[in-house]
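Throughout, read-outs are computed from the coordinates displayed, never taken from laboratory work. Computed from a predicted model, the values in this text were never measured in an experiment. Positions of Cβ are backbone-derived with ideal geometry, glycine not excepted, and every protein chain shown enters the neighbour counts.
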Amino acid sequence: METTTRNRKGGVMGSSFQIVLTGIQFRQDRQGVRDNLAKLFKCEPERIEQLLASAPVAIKSRVSMEMALKYQQAIQKAGAECIVKACDE
């Protein structure tokens with residue numbers, strides 16, 4: 001019988017993921033995407049512009065798979081592209 005250790009938030013211990021911003025979706029307006037992401041992450045549009053210019057870039061690390069997929073969905077809804085990767089432990 002296999003047992004699984006869970007953390008306080010209900011996630012599986014040792015299983016953490018990162019969200020990597022890879023760019024803007026095809027045929028999306030860069031300024032619109034930048035503004036949408038700035039609202040999503042509650043930061044200045046200039047900071048998002050820096051992230052987009054540096055893509056691919058990890059924008060969130062050490063989150064559960066459930067949380068990573070929520071971020072991915074919100075980022076894609078904002079018009080950007082991202083991937084979810086396992087964190088190197």
Seminar exercise, completed: Between the modelled labels at Phe26 and Leu69 (7 Å from Cα along Cα→Cβ) the distance in nm is 2.6 nm
For this session: Enumerate lysine pairs in the stretch 27-86 that are 8 or more residues apart or on different chains, then count those whose Cα atoms are under 15 Å apart.
Result: 5
